[in-house]
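A short write-up of the structure that comes next.
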Amino acid sequence: MADSGALPLTILAEQFAKLPGIGMKTAQRLSYFVMSMTDEEAQTFADAIVNAHKTVHCCKICQNLTEKEICSVCSDEQRDHSTICVVESPKDIAAFERTKEYRGVYHVLHGLISPIDGVTPDKLRVNELLKRIGDGTVNEVIMATNPTPEGEATAMYLSKLLKPLGVKTTRLAFGLPIGAMLEYADEVTLFKALENRNEI
């Protein structure tokens, strides 16, 4: 990267490269950008990372990230606590909240079942979900995992666990996005669009 005497800069780039979606070239650019910061800016940046890591943890109910014991969604009495939307990660909640349409609550699994990657159900927040449903106040669980093999496998696994509990389990509909051209859609997307068609 830099000359052989700039080992700290190389180490910094290697740390940036560990972030998802960051290749070594981008990591190098970020490292040089950090070097252009003032000491005060660099310290503020470092403090923000350390502070977030120390103060943000999982909500004891839904497993979303929060600095409080219970997150703002779970503590909101205006939300429909009888409907739980199950998602893979906290960033998925942000996507749903942007729609301003969903008024239920969430449950974050923090991953998807993937035996190839060593991710088994016991490594996800499945037990916490089952505990929530065991109190008898939940009417519906929406499986909102991505339409990938891992997402589908996780949704199927959870639905089999929930069926004996008498809770309605639904899956997000998948199909053509608004404005998409049929000729450019792949076979799986078209099949899902047909499978999830509605009467008009």
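Farthest toward the positive end of the dipole of segment 78-118, out of 104, 115, 86, is the Cα of 104, where the dipole comes from beta carbon charges about the Cα centre.
Round to a whole number: what % of the accessible area of the chain belongs to carbon and sulfur, probe 1.4 Å? Could the numbers behind the result be given before it?
On the way: 7770 of 13520 Å².
Result for the chain: 57 percent of the exposed heavy-atom area is carbon or sulfur.
For n ≥ 4 DSSP H runs only, could you compute -39500 (n - 2.57) per run for the chain, divide by its residues and tell me the 222 nm figure to the nearest 500?
Working: 7 runs with 82 residues, N = 200.
Helix contribution divided over all residues of the chain: -12500 deg cm²/dmol.
If you fit an axis through the alpha-carbon atoms of helix 149-162 and take the longest principal axis of the Cα set of the chain, what angle between them do you get, 0 to 90°, nearest 10? Value to nearest ten degrees: 50. Scanning residues 5 or more positions from residue 169 or on other chains, those with amide H under 5 Å from its amide H are 141, with H placed 1.01 Å from N in the peptide plane. Accessible surface calculations at 1.4 Å, restricted to protein heavy atoms, place the chain at 68 Å² per residue. Axis angle, to the nearest 10 degrees, between helix 90-99 and the longest C-alpha principal axis of the chain: 60 degrees. Legend: P(r) of the chain from all alpha carbon pair distances, 5 Å bins from 0, whole percents, reading 1, 6, 11, 14, 14, 13, 12, 10, 8, 6, 3, 1, 0, 0.
Quote the relative contact order of segment 69-161 in percent (integer), defining contacts as alpha-carbon pairs under 8 Å separated by 6+ residues.
Numbers: 109 pairs, mean separation 29.9, N = 93.
Dividing the mean separation by the residue count of segment 69-161 yields 32 percent.
Here the scattering of segment 139-200 is modelled by Debye summation over its C-alpha atoms, one equal scatterer each and no solvent; at q = 0.12 Å⁻¹ the log10 of I(q)/I(0) is -0.38.
Taking every C-alpha pair closer than 8 Å and separated by at least 6 residues, the mean separation divided by the residue count of the chain gives a relative contact order of 13 percent.
Lysine pair count for the chain (Cα-Cα distance under 18 Å; residues 8 or more apart in sequence or on different chains): 13. Please state, as a whole number in µm²/s, the translational diffusion coefficient that the Stokes-Einstein equation yields for segment 19-86 at 25 °C and 0.890 mPa s, with Rh defined as the Kirkwood radius across alpha carbon pairs. For these conditions, the coefficient is 162 µm²/s.
Seen against the Cα atoms of the chain and their longest principal axis, helix 24-36 is set at about 60 degrees.
The values are calculated or read from the model by the stated rules, or taken from the named source; none is laboratory data. Only a predicted model underlies this, so the values are computations on that prediction, with no experimental measurement involved. Every residue, glycine as well, gets a Cβ built from its backbone with ideal geometry; the counts of neighbours run over all protein chains shown. With ligands, DNA and RNA removed, areas are computed over all heavy atoms of the protein, side chains included. Shrake-Rupley method; radii C 1.70, N 1.55, O 1.52, S 1.80 Å.
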